[in-house]
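In what follows, a single structure is set out as structure tokens and then discussed.
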Amino acid sequence: KAGVTQTPRYLIKTRGQQVTLSCSPISGHRSVSWYQQTPGQGLQFLFEYFSETQRNKGNFPGRFSGRQFSNSRSEMNVSTLELGDSALYLCASSLDGQGVTDTQYFGPGTRLTVL
Amino acid sequence: AQKVTQAQTEISVVEKEDVTLDCVYETRDTTYYLFWYKQPPSGELVFLIRRNSFDEQNEISGRYSWNFQKSTSSFNFTITASQVVDSAVYFCALSEESSGDKLTFGTGTRLAVRP
């Protein structure tokens, strides 16, 4: 079974621009979560989507948004980019066992550099 | 609030040595899950193990073993006879039942295994 895929793998943007990152979960997985990894803040939870609805949200500004499609694929968007948004963005998918915390499997990440 | 502490920032060992990575967690939930992930230089987080709060049995998988002790809120990870391929950053993570699949990560321990 194919793992979690993320596109693009690398991205360079300038301040003020916006960016959209894509994530395809493992086949059959219905929950998708996003995390930001930076040297200073470590791994931080952004949000989680299930059945096209945001189910949980981390402590990030409204410039960070996401969505999930009916096939469970997910996108996250960052508007008005700031230098501090430079990070590795990781997507994870889980089966979602209805009330049981599932194991999350991660993709390779998208490395975003903001100049 | 949930919190995960990995006090060891970096560990360096010589191949074939045993090494233990420490993880201490804080949570108010009675039902929670603990995880270990490995992050090689490629960046992808690789799932190693998942434990729920009601299962304190230690687990061994090949050269890897985990020691879960609720009394000390610790979930330590031991690699026996380390190999160069074990070099990576290892993350301990916590998920509370009340927070769904959201993972709170420790700051990670960078393990370098020298030949």
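Note on B:Phe54 and A:Asn71: their simple-model spin labels are 3.9 nm apart, each label 7 Å out from Cα toward Cβ.
Placing +1 on the Cβ of every Lys and Arg and -1 on the Cβ of every Asp and Glu, with no other charges, gives the protein assembly as shown a dipole of roughly 660 debye about its Cα centre. This ranking places B:Lys38, B:Lys70 by how few other beta-carbon atoms lie within 10 Å of each, fewest first, which gives B:Lys70, B:Lys38. Using 0.36 nm per residue and subtracting the Cα-Cα separation, the extra length available between B:Ser74 and B:Phe47 on full extension is 7.9 nm.
Neighbouring Cβ atoms from other chains, within 10 Å of the Cβ of residues in A:50-61, number 1 on average. Highest mean packing first, where packing is the average number of other Cβ atoms within 10 Å per residue, the peptides A:31-38, A:46-53, A:12-19, B:15-22 line up as A:31-38, A:46-53, B:15-22, A:12-19. Inter-part distance, the stretch B:23-102 to the stretch A:3-75, computed on C-alpha centroids, equals 23 Å.
In angstrom, the C-alpha Rg and Dmax of the protein assembly as shown are 17.7, 51.
Between A:Lys57 and A:Thr20, the contour length at 0.36 nm per residue exceeds the alpha carbon distance by 11.5 nm.
All distinct Cα pairs of chain B go into the 1/r average, and the inverse of that average, the Kirkwood radius, is 14.3 Å.
Considering lysine pairs in the protein assembly as shown that are 8 or more places apart or on different chains, how many have Cα atoms under 21 Å apart? Taking the Cα cut-off of 21 Å, the pair count is 9. In plain terms, the chain from B:Glu10 to B:Thr107 could stretch by 33.8 nm, reckoned as 0.36 nm per residue minus the Cα-Cα distance. Across the options A:Phe47, A:Gly66, A:Thr103, the greatest Cα extent toward the positive end of the charge dipole of chain A (unit charges at beta carbon of Lys, Arg, Asp, Glu) belongs to A:Gly66. Each of B:Trp66, A:Thr7, A:Ile26 was placed along the dipole of the protein assembly as shown (beta-carbon charges, centred on the mean Cα), and the one lying farthest toward the positive end is A:Thr7. Mean partner shielding of peptide B:93-102, defined as the number of other chain Cβ atoms within 10 Å of each residue Cβ, is 6.
Electrostatic tally near B:Leu111: other residues with Cβ closer than 15 Å to its Cβ, Lys and Arg +1, Asp and Glu -1, net -1.
Across chain A, the mean sequence separation of Cα contacts (distance under 8 Å, 6 or more residues apart), normalised by length, yields a relative contact order of 36 percent.
Rounded to the nearest 20 debye, the dipole size of chain A about its Cα centre is 220 debye, using +1 on the Cβ of Lys and Arg and -1 on the Cβ of Asp and Glu. Taking Cα centre as origin and charging only the Cβ of basic (Lys, Arg, +1) and acidic (Asp, Glu, -1) residues, the dipole magnitude of the stretch B:22-103 rounds to 140 debye.
The numbers here are math on the coordinates, done by the rules we state, and not lab data. Note that the structure is a prediction, hence the values are computed from the model and not measured. So basically every Cβ, Gly included, is an ideal-geometry build from the backbone, and we count neighbours across all protein chains shown.
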